[in-house]
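Below is one structure. I have some questions about it.
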Amino acid sequence: MKSIAERFKKEKPLKGFRISGCLHVTTETANLMETLKLGGAEVALCASNPLSTQDDVAASLVKFSKVPVFAIKGEDNKTYYKHINNALSIKPNITLDDGADLVSTLHKSRKDLIKNIFGGTEETTTGVIRLRAMADKGVLEYPIIAVNDAYTKYLFDNRYGTGQSTIDGIMRATNRLIAGTVFVVSGYGWCGKGIAMRAKGMGARVIITEVNPLRALEATMDGFEVMPITEASKMGDIFVTVTGDINVISKIVFL
Ligand SMILES: NC(=O)c1ccc[n+]([C@@H]2O[C@H](COP(=O)([O-])OP(=O)(O)OC[C@H]3O[C@@H](n4cnc5c(N)ncnc54)[C@H](O)[C@@H]3O)[C@@H](O)[C@H]2O)c1
């Protein structure tokens with residue numbers, strides 16, 4: 001990023017571009033925003049998840065980097081969407097999304113802005129699934145690059161980044177020793193593989209639930225116990241769902 005920033009500073013390849021980002025408001029995103037600005041772009045940022053916003057980072061971006069940031073940690077749903085609309089107020093030419101909330105807001109209630117936009121990026125698996133569904137129906141109105149499909153994304157961020165940050169979040173929230181716990185991971189995709197690997201490394205007994213038979217077989221060959229959630233739910237101490245799906249665990253499962 002540093003060498004790109006140096007180059008952008010001299011070449012200004014983004015001069016005249018307006019970029020709205022809906023991303024996790026964290027230090028990594030702050031670096032991205034500063035780099036885009038050095039490249040000459042006008043940028044505005046809102047959160048892609050109300051729980052991941054680092055308020056000090058948002059404040060620093062506003063104060064020192066003069067980037068408009070619309071995000072408060074723990075903001076309610078109404079404020080979250082108000083902030084997405086605020087980030088769109090610069091009338092972007094490019095959108096950066098992580099989960100497709102910005103793009104779906106544009107398509108639902110800010111259609112007037114779409115004529116200015118020539119492209120965008122989408123970071124995560126769930127966002128790509130939502131956008132592919134829109135493209136299949138013929139309603140996605142501009143091209144979007146699926147960042148998640150890059151080897152350098154899913155092989156590393158999904159597997160190792162989410163593997164580490166999920167375990168870290170659970171430890172901070174519960175203060176529990178992972179060793180000896182029965183740790184259920186639903187979904188053996190890229191994130192699931194990383195979380196299962198880390199939990200196993202910390203001494204947990206790891207159980208995988210998976211709806212795709214090939215991935216279930218892969219989990220078995222990797223040395224994990226694999227079973228339906230109806231069985232795993234009777235044994236687990238900690239449950240992590242990394243599927244992009246809804247209702248993976250429901251009350252019915254536990255009855
Ligand atoms: N917060 C982050 O930093 C971050 C980073 C990367 C991905 N993600 C999110 O994590 C989720 C998983 O991403 P991924 O890249 O691992 O996806 P993936 O497509 O590689 O894996 C998902 C797996 O879940 C399985 N699955 C679907 N429904 C299921 C169900 N009901 N029960 C059990 N298994 C089920 C699928 O068969 C698949 O194998 C997505 O929502 C993605 O957007 C978050």
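The values are calculated or read from the model by the stated rules, or taken from the named source; none is laboratory data. As the structure is a computational prediction, the values presented were derived from the model and not from experiment. Positions of Cβ are generated from backbone atoms using ideal geometry, with glycine treated the same way; all protein chains shown enter the neighbour counts.
Might you check whether a residue that is of a type in the set (Val, Ile, Thr), part of a strand (DSSP E or B) and buried (at least 19 other Cβ atoms within 10 Å of the Cβ) occurs anywhere in the range 159-167?
no
Grab the helices (runs of 4 or more DSSP H) fully contained in the range 176-255, keeping just those with 1 or more residues being among the aromatic types (Phe, Trp, Tyr), crowded, with 17+ Cβ neighbours inside 10 Å and within 10 Å of the ligand (Cβ to nearest atom).
190-201
When the residues of the range 18-35 are filtered to those that are of a type in the set (D, E, K, R) and in a helix (DSSP H, G or I), which remaining residue is surrounded by the most Cβ atoms within 10 Å (Cβ to Cβ)? First the steps, then the outcome.
Initially, the range 18-35 is screened for residues of a type in the set (D, E, K, R), giving 18, 28, 34.
From the residues that got through so far, the ones that are in a helix (DSSP H, G or I) too are 28, 34.
Values: Glu28: 14, Glu34: 19.
Only one residue tops the list, namely Glu34.
Now a separate question. Within the range 135-161, take every residue that is at pLDDT 95 or above and among the β-branched types (Val, Ile, Thr) and give me the one that is farthest from the chain's Cα centre (by Cα).
Val139
Quick check on my filter: what residues within the range 116-129 are within 16 Å of the ligand (Cβ to nearest atom) and touching a helix residue (DSSP H, G or I) at 6+ places or on another chain (Cβ under 7 Å)?
Thr121, Glu122, Glu123, Thr124, Thr125, Val128, listed by residue number.
Among (1) touching a residue at least 40 places away in the same chain (Cβ under 8 Å); (2) within 14 Å of the ligand (Cβ to nearest atom); (3) in a helix (DSSP H, G or I), which single condition is Asn148 missing?
It is condition (1) that Asn148 fails.
Residues checked against (1) buried (at least 23 other Cβ atoms within 10 Å of the Cβ); (2) in contact with a Leu (Cβ under 7 Å, 6 or more places away or on another chain); (3) under 23 Å from Asn148 (Cα atoms):
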position: Val43; (1), (2), (3): yes, yes, yes
position: Leu51; (1), (2), (3): no, no, yes
position: Ile72; (1), (2), (3): no, no, no
position: Glu75; (1), (2), (3): no, no, no
position: Tyr81; (1), (2), (3): no, no, no
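Out of the range 130-140, which residues are of a type outside the set (Asp, Glu) and either away from the ligand (no atom under 16 Å from the Cβ) or touching a His at 6+ places or on another chain (Cβ under 9 Å) (or both)?
Across the range 130-140, the qualifying residues are Met134, Ala135, Lys137, Gly138, Val139, Leu140.
Within the range 151-171, which residues are of a type in the set (Ser, Thr, Tyr) and free of Cβ contacts under 8 Å to residues at least 24 places away in the same chain?
Matches in the range 151-171: Tyr151, Thr152, Ser165.
Now for a different question. Could you please find all residues in the range 97-118 being charged (D, E, K, R) and surrounded by 19 or more Cβ atoms within 10 Å (Cβ to Cβ)?
Going residue by residue through the range 97-118, those that are charged (D, E, K, R) are 97-98, 101, 108, 110-112, 115.
The answer is Asp97, Asp98, Asp101.
When you scan the range 7-17, do you find a residue that is touching a residue at least 60 places away in the same chain (Cβ under 8 Å), touching a strand residue (DSSP E or B) at 6+ places or on another chain (Cβ under 9 Å), within 21 Å of Asp157 (Cα to Cα) and not in a helix (DSSP H, G or I), even just one?
No, because not a single residue in the range 7-17 is touching a residue at least 60 places away in the same chain (Cβ under 8 Å), touching a strand residue (DSSP E or B) at 6+ places or on another chain (Cβ under 9 Å), within 21 Å of Asp157 (Cα to Cα) and not in a helix (DSSP H, G or I).
Also, quick follow-up: Can you tell me how many residues in the range 1-55 are of a type in the set (Phe, Trp, Tyr) and touching a helix residue (DSSP H, G or I) at 6+ places or on another chain (Cβ under 8 Å)?
As a first pass, look at the range 1-55 and keep what is of a type in the set (Phe, Trp, Tyr): 8, 17.
Then drop every residue that is not touching a helix residue (DSSP H, G or I) at 6+ places or on another chain (Cβ under 8 Å), which leaves 8.
Looking only at that region, the number is 1.
What residue, of Thr181, Thr126, Thr166, is under 18 Å from Ser48 (Cα atoms), modelled with pLDDT of 95 or more and not acidic (Asp, Glu)?
Thr166
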